[in-house]
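First comes the structure, then the notes that go with it.
The values are calculated or read from the model by the stated rules, or taken from the named source; none is laboratory data. Quick caveat, the model's predicted, so the values are computed rather than measured. Positions of Cβ are generated from backbone atoms using ideal geometry, with glycine treated the same way; all protein chains shown enter the neighbour counts.
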Amino acid sequence: MTTAATLRTLGALADAGLAEPSPPLEAVAARYAVAVTPVMVEAIGDAPDGPVGRQFLPTAAELTQAPGESDDPIGDEAHSPVAGIVHRYPDRVLLKANHACAVYCRFCFRREMVGPDGVRPLSSAQLDAAMAYVAGRPEIWEVIVTGGDPFVLSPRRLSGLMARLERIDHVKVVRFHTRVPAVAPDRVTPSLVKALTGTGKTVWVALHANHADELTPAAEGACARLIDAGIPMVSQSVLLRGVNDSPAALEALMRRFVEMRIKPYYLHHADMAPGTGHFRTTLAEGQALMRGLRGRVSGLCQPTYVLDIPGGFGKSPVGPCYVGEDRVTDPSGREHRYPT
Ligand SMILES: *Cc1c(COP(=O)(O)O)cnc(C)c1O
Ligand code: SF4
């Protein structure tokens, strides 16, 4: 059964049998936005503590701040020259056009920024300033539209954005990062697809999903609409305790992406966002999972395991490493001498 509306309050979650309101939970909901779409309510089923439920249903554990956790865990602020732009690598910028999402993930690395009523979407003047920044820097080859979730913008807004980018010759690639094709597949309408493909720019879409249960037949249909229109897709996932930190869960997720014509791109180590310690694994656990994946599944199914180093230093691959001083390790773990 599909519920009609997105659940946005503890009361609505309680009515659906997905939360038991309590003072700590009220405190969590007052601090961090809540939204669970009908498709995700269905994917949660009767397992609030299952792999999908854990991602979207608020818990009191979010009130616990672990050492090192920060409101700006990957140091975006230090690299933001104008509102909405993060410019950390020479050839590409992030453009945060809006701060709303279709769902609010309990582990979100931008959780202090996203929400329906926190920061406003960029005003037209701010968007002009962001575009002028990009237009004035010929080294910017790629614009990565993120947020929030850019696919909650209307097709009209998206095509306006694309039209502005179209006028900047040196921008060759526009990449959108979104969860919408999985969590709200009905939003991927023909007019949204047309908004993305209507200019001459090459568009890529990166789908954020963390468990195979999110990749429903409806999600597959939404991704097929994008891919059939000529938009290549890649995936990004976050390694999350109790969601995908098992060999079976990671394998199923990566296989499902590839079956849907989505190339696994990144597996992110969970960032130090406030109140997310219960989701974080160690790097050693992540490396062991990646080593298992390499041994068992197709090369097409291999993402790169990356850590965004706190402080704004950027993303680095974090292994595992197969090369030692005078030897290499094979996929089943045996070492072989080889000059390096
Ligand atoms: C993650 C990120 C990017 C994109 O990095 P890729 O490795 O190209 O996917 C770009 N800019 C910033 C600031 C980022 O955090
Ligand atoms: S969709 Fe992305 S930006 Fe929005 S809450 Fe989830 S992780 Fe954060």
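If the requirement is being modelled with pLDDT of 95 or more and either in the same structural domain as ARG88 (by TED's automatic domain parsing) or over 16 Å from the mean Cα position of the chain (by Cα) (or both), which of these qualifies: ALA132, ALA125? Give the steps one after another, and end with the answer.
Numbers: ALA125 fails: modelled with pLDDT of 95 or more.
Going through ALA132, ALA125 in turn, the sole match is ALA132.
If we scan segment 148-157, do we find a residue that is out of contact with any Gly (no Cβ under 9 Å at 6 or more places or on another chain), hydrophobic (A, V, I, L, M, F, W, C) and surrounded by 14 or more Cβ atoms within 10 Å (Cβ to Cβ)?
Within segment 148-157 (the criterion being out of contact with any Gly (no Cβ under 9 Å at 6 or more places or on another chain), hydrophobic (A, V, I, L, M, F, W, C) and surrounded by 14 or more Cβ atoms within 10 Å (Cβ to Cβ)), the answer is yes, since at least one residue qualifies.
To keep it simple, each residue is scored yes or no on (1) under 30 Å from LEU127 (Cα atoms); (2) surrounded by 14 or more Cβ atoms within 10 Å (Cβ to Cβ); (3) in contact with a strand residue (DSSP E or B) (Cβ under 9 Å, 6 or more places away or on another chain).
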{"position": "ARG31", "(1), (2), (3)": "yes, yes, no"}
{"position": "ASP46", "(1), (2), (3)": "no, no, no"}
{"position": "THR59", "(1), (2), (3)": "no, yes, no"}
{"position": "ILE74", "(1), (2), (3)": "yes, yes, yes"}
{"position": "ALA78", "(1), (2), (3)": "yes, no, yes"}
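Please work out which residue is farthest from ligand 1 (Cβ to nearest atom), limiting yourself to segment 83-112 and to residues that are outside any loop (DSSP other than H, G, I, E, B) and among the basic types (Lys, Arg). Before the answer, list the steps.
Taking segment 83-112 as the starting set, the residues that turn out to be outside any loop (DSSP other than H, G, I, E, B) are 85-89, 92-96.
With the extra rule that they be among the basic types (Lys, Arg), the set shrinks to 88, 92, 96.
On the way: ARG88: 4, ARG92: 5, LYS96: 10 Å.
Only one residue tops the list, namely LYS96.
Which ones in segment 314-330 are in contact (Cβ under 8 Å) with a residue 40 or more places away in the chain and surrounded by fewer than 16 Cβ atoms within 10 Å (Cβ to Cβ)?
Listed by number, the list holds a single entry, GLY314.
Hey, among VAL93, VAL82, VAL34, VAL103, which residue is within 12 Å of ligand 2 (Cβ to nearest atom), at negative phi and assigned by TED's automatic domain parsing to the domain that holds VAL152?
The match here is VAL103.
When residues of segment 268-291 are filtered for being over 30 Å from LEU25 (Cβ atoms) and buried (at least 18 other Cβ atoms within 10 Å of the Cβ), how many remain?
Here is the first cut: in segment 268-291, the residues over 30 Å from LEU25 (Cβ atoms) are 283-284, 287-291.
With buried (at least 18 other Cβ atoms within 10 Å of the Cβ) added as a condition, the list becomes 289-291.
Counting residues in segment 268-291 that are over 30 Å from LEU25 (Cβ atoms) and buried (at least 18 other Cβ atoms within 10 Å of the Cβ) gives 3.
So that you can scan it fast, the table gives a plain yes or no per residue for (1) part of a strand (DSSP E or B); (2) free of Cβ contacts under 8 Å to residues at least 12 places away in the same chain; (3) in contact with a helix residue (DSSP H, G or I) (Cβ under 6 Å, 6 or more places away or on another chain):
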| residue | (1), (2), (3) |
| --- | --- |
| LEU289 | no, no, yes |
| GLY292 | no, no, yes |
| TYR305 | yes, no, yes |
| GLY312 | no, no, yes |
| GLY333 | no, no, no |
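In this structure, is GLU77 modelled with pLDDT under 90, in the same structural domain as PRO185 (by TED's automatic domain parsing), within 11 Å of ligand 2 (Cβ to nearest atom) and of a type in the set (D, E, K, R)? It would help to see each step written out before you state the result.
Working: modelled with pLDDT under 90: yes; in the same structural domain as PRO185 (by TED's automatic domain parsing): yes; within 11 Å of ligand 2 (Cβ to nearest atom): no; of a type in the set (D, E, K, R): yes.
In short, no.
Just the residues that are buried (at least 20 other Cβ atoms within 10 Å of the Cβ) and either in contact (Cβ under 8 Å) with a residue 60 or more places away in the chain or more than 24 Å from ALA163 (Cβ to Cβ) (or both), please, taken from segment 208-235.
Residues satisfying the conditions are HIS208, ALA209, ASN210, HIS211, ALA212, ASP213, GLU214, LEU215, ALA219, CYS223, SER235.
Restricting attention to segment 176-205, which residues are of a type outside the set (Ser, Thr, Tyr), free of Cβ contacts under 8 Å to residues at least 60 places away in the same chain and within 16 Å of ligand 1 (Cβ to nearest atom)?
PHE176, HIS177, VAL203, TRP204, VAL205
Looking at this structure, is ARG88 in the same structural domain as VAL243 (by TED's automatic domain parsing), surrounded by 21 or more Cβ atoms within 10 Å (Cβ to Cβ) and of a type in the set (D, E, K, R)?
On the way: in the same structural domain as VAL243 (by TED's automatic domain parsing): yes; surrounded by 21 or more Cβ atoms within 10 Å (Cβ to Cβ): no; of a type in the set (D, E, K, R): yes.
Against the criterion (in the same structural domain as VAL243 (by TED's automatic domain parsing), surrounded by 21 or more Cβ atoms within 10 Å (Cβ to Cβ) and of a type in the set (D, E, K, R)), ARG88 does not qualify.
Within segment 138-156, restricting attention to residues that are more than 16 Å from ligand 2 (Cβ to nearest atom) and in contact (Cβ under 8 Å) with a residue 12 or more places away in the chain, which residue is nearest to the chain's Cα centre (by Cα)?
VAL143
Tell me yes or no: at least one residue of segment 183-196 is of a type outside the set (Phe, Trp, Tyr), within 16 Å of ligand 2 (Cβ to nearest atom), modelled with pLDDT of 95 or more and closer than 23 Å to SER298 by Cα.
Filtering segment 183-196 for residues of a type outside the set (Phe, Trp, Tyr) gives 183-196.
This time we only want the ones that are within 16 Å of ligand 2 (Cβ to nearest atom), so: 183-185, 187-188.
From the residues that got through so far, the ones that are modelled with pLDDT of 95 or more too are 183-185, 187-188.
After this cut, where a residue has to be closer than 23 Å to SER298 by Cα as well, the list is none.
No, segment 183-196 contains no residue that is of a type outside the set (Phe, Trp, Tyr), within 16 Å of ligand 2 (Cβ to nearest atom), modelled with pLDDT of 95 or more and closer than 23 Å to SER298 by Cα.
Is there a residue in segment 46-54 that is modelled with pLDDT of 95 or more, assigned to a helix (DSSP H, G or I) and within 14 Å of GLY275 (Cα to Cα)?
Yes, the conditions are met somewhere in segment 46-54.
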